[in-house]
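Report on the structure given below.
Bear in mind these aren't lab numbers, they're just calculated from the coordinates by the rules spelled out. Remember, it's a predicted structure, so these values are computed and weren't measured experimentally. Here Cβ is always computed from backbone atoms with ideal geometry, including for glycine, and neighbour counts include all displayed protein chains.
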Amino acid sequence: MRKPNDFLEDILAEIEKGLKDDINADALADDFSMSSIHLQRLFKQTFRKPIGAYIRSRKLSSSIMDLLHSGLSVLDIALEYGFSYEQTYIISFRREFGFTPGDLRRNRQLVRTTPPLLPFGQESVYKNHFLVGNIIKEKYMDGVYFDMIKNNFNIVTPENSLKPVSLTSNRGGAYNWAYADQMVNQALENGIAVHGHVLVWHDWTPVWMTKGTKTEAEDNLKNYITDVLTHYHGRIYSWDVANEAIRDGLSAADAAGGWKKCLRTNVPWYRALGENYIETAFLTAREADPDITLYYNDYGLEDPRKAQAVWDMIYDINNRYGRTTGQERNLIEGLGMQAHYQINGFNENRVRSSLKKFSALNIELSISELDVTAAGYEEGEGKDIVMSENDAALQAMIYKRLFSFYRENAAYISRVSMWGIDDHNSWISAGTPCLFDRYLNPKQAFNAVFNTEK
Ligand code: G3I
């Protein structure tokens, strides 16, 4: 028997498909063989808003892209979205956003839209398979963005606020907890778990930490890890202890020389402490808080040589930990596979083989920073463009294949976290890599993922 929530998910999907038709509660109730009153009551109980108002808000939000990027007249758009008269559309639009469609066309201001409910949320097709996450950052902490986080994700990773430079920028161990604490606490108060990112990295780390004698640098590393894990004890679920330690573009000779020969050497922690800094970091983290799951996190693991080096490193460190402590528990208990893909050159076979390879390590695997960039590699927020039809279709296909692959392999995957909700606020916005556009309208990619067969 189907659960009521499965059925509501179908209703939400039907609403998305029908935004340009004359969709309404009565027609939906008919399609699902139930009374309209019953559907309206159930919808309101579950989502705390009337179904009619929700459909109207979704139509208006969705029409924004046509207003901004099509040559259609306001009347044509009104009719396309099932409003009987242009005036009805204009009045509803002004009531919803505070200005008219004409104002938006002239001023092109950003609008607080109504995103679709529950794409990945508590009842979603993915929820039973793995944790589904996204990032949090200042922009996402209130209004419609935080509603999306609350409705759709059960774990979040602070994008930048738990990086060493954000927590401590001054020499002498003064910490700036306030901002990160506020974020972490807000997530927890809303029932969302937090994954910590990141303790040891070559980027975003204050210079003083890795300076001085070897002993001073090692003390800094250990003190920092201990202080942060002690501070967040009981609040943060799992941590990226080390990030991006293996370099790119490894030659066959590098790879044959063992993982230590594949480390990035021209980076502060390596220069200060040599090849053991990763193991030291993990040992310190375990001692500081044995309750949390310790992750190594990296990108480009589709490259078989880089994957081999990471595999060997984790195996070697875990093996030594087992031998020296006699413990069955691994020291590195999780691998975060970042998954910053590009539509050009995306190689599904390599993604598949990489996951298969790591599954033999017997540790948690998480997709930790998923996004699929369409064009260009220009970092920074606010540079999103309208995608070409081709790019949008290719991106949608890649997302769809990835999510069905994740579901097939759910036995190995603990968490799938996306690195951004919407294109405008993505770290690589020019590549429009997210599932939602700047107005929080679902993109073709979102529909491809969400409409996956159950
Ligand atoms: O906050 C300033 C803003 O005031 C200023 O106007 C603007 C000018 O460019 O810069 C803003 O800071 C930027 C910050 O992101 C917030 O947007 C920094 O320049 C920029 O370097 C920083 O980039 C972050 C990057 O890590 C470096 O820490 C990205 O947000 C973040 O998404 C990215 O995340 C990394 C993961 O930690 C590790 N894996 C790769 C991933 C993507 O690069």
Per-residue ³J(HN,Hα) for segment 60-68, Karplus 6.51 cos²θ - 1.76 cosθ + 1.60, θ = phi - 60°, Hz, x for Gly and Pro: 5, 4, 5, 5, 4, 5, 5, 4, 7
Stokes-Einstein at 4 °C, 1.567 mPa s, Kirkwood radius from Cα pairs: D for segment 1-87 in µm² s⁻¹? 93 µm²/s
For the chain, find the longest principal axis of its Cα atoms and tell me its angle to the long axis of helix 277-288, 0 to 90°, nearest 10. 80 degrees
What length, rounded to one decimal in nm, is gained on full extension from Lys214 through to Leu68, with 0.36 nm per residue of separation minus their alpha-carbon distance? 46.8 nm
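Using only the Cα atoms, what convex hull volume per residue in Å³ does segment 1-155 have? Kindly include the intermediate steps, with their values, before the conclusion.
Working: hull volume 19.6 nm³, N = 155.
For segment 1-155, the hull spanned by Cα atoms encloses 127 Å³ per residue.
Write down the Kirkwood hydrodynamic radius of segment 296-337, to one decimal in angstroms, obtained as one divided by the mean of 1/r over all alpha carbon pairs. All intermediate terms of the calculation are to be shown ahead of the outcome.
Working: mean 1/r = 0.0919 Å⁻¹.
Kirkwood hydrodynamic radius for segment 296-337: 10.9 Å.
Past 31 Å, Cα to Cα, is the threshold; run Lys150/Lys357; Lys260/Lys356; Lys211/Lys306 against it and keep the listed order. Walk me through the intermediate numbers first.
Working: Lys150/Lys357 34 Å; Lys260/Lys356 23 Å; Lys211/Lys306 29 Å.
Listed pairs above 31 Å: Lys150/Lys357.
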So, in Å, what gap is there between the alpha-carbon centers of segment 49-106 and segment 371-395? 25 Å
Report the label-to-label distance for Ser404 and Lys139 in nanometres (one decimal), using points 7 Å from each Cα along the Cα→Cβ vector. 3.2 nm
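Could you work out Rg/(2.2 N^0.38 Å) for the chain, with Rg from alpha carbons only? Before the final figure, lay out each step's value.
On the way: Rg = 24.0 Å, N = 454, 2.2 N^0.38 = 22.5 Å.
Dividing the Cα Rg of the chain by 2.2 N^0.38 Å gives 1.07.
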Where only C-alpha atoms are counted, convex hull volume of segment 182-235 per residue in Å³: 83 Å³
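So what is the relative contact order for the chain, in percent, with contacts set as C-alpha pairs under 8 Å and at least six apart? Don't jump to the answer; show the numbers that get you there.
Numbers: 734 pairs, mean separation 56.3, N = 454.
It comes to 12 percent, rounded to a whole number.
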Can you sort Met387, Met141 by how many other beta carbons sit within 10 Å, fewest first? Met141, Met387
Between 0 and 90 degrees, rounded to the nearest ten: what's the tilt of helix 36-47 against the longest Cα principal axis of the chain? 30 degrees
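Where both residues lie in the chain, what percent of DSSP beta bridges are antiparallel, nearest 5? All intermediate terms of the calculation are to be shown ahead of the outcome.
Working: 2 of 37 bridges.
If we restrict to bridges inside the chain, about 5 percent are antiparallel.
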I want the local charge near Ala392. Using Cβ-Cβ distances under 13 Å, sum +1 for each Lys or Arg and -1 for each Asp or Glu among the other residues. -3
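What's the exposure ranking of Ser368, Ser414, Ser161, Ser35, going from fewest to most Cβ atoms within 10 Å? Present the calculation step by step, with values, prior to reporting the outcome.
Working: Ser368 27, Ser414 21, Ser161 18, Ser35 11.
Final ranking by Cβ density, sparse to dense: Ser35, Ser161, Ser414, Ser368.
Please rank Val156, Val351, fewest neighbouring Cβ atoms within 10 Å first, as an exposure proxy. Don't skip to the answer; put the middle values down first.
Working: Val156 24, Val351 20.
In increasing order of surrounding Cβ atoms, one gets Val351, Val156.
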Long-range amide H partners of Thr373, meaning residues 5 or more apart or on another chain whose placed amide H is closer than 5 Å, are Tyr341, Gln342, Ile343
Quick one: which residues, 5+ away or cross-chain, put their amide H under 5 Å from the amide H of Val132? H built at 1.01 Å from N. Asn154, Ile155, Val416
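Sorted from largest to smallest, which semi-axis lengths in Å does the alpha carbon gyration tensor of segment 92-193 give for its equivalent ellipsoid, taking the root of 5 times each eigenvalue?
Details: eigenvalues 198, 98, 20 Å².
Listed largest to smallest, the semi-axes of segment 92-193 are 31, 22, 10 Å.
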Normalise the Cα radius of gyration of segment 129-171 by 2.2 N^0.38 Å (N = residues in it) and let me know the number. 1.39
In whole Hz, with x marking every Gly and Pro, tabulate ³J(HN,Hα) for segment 305-316 from phi via Karplus 6.51 cos²θ - 1.76 cosθ + 1.60, θ = phi - 60°. 6, 5, 4, 5, 5, 5, 4, 4, 4, 5, 4, 4
Using a basic spin-label model with each label point 7 Å from the Cα along Cα→Cβ, how many nm lie between Arg329 and Thr100? 6.6 nm
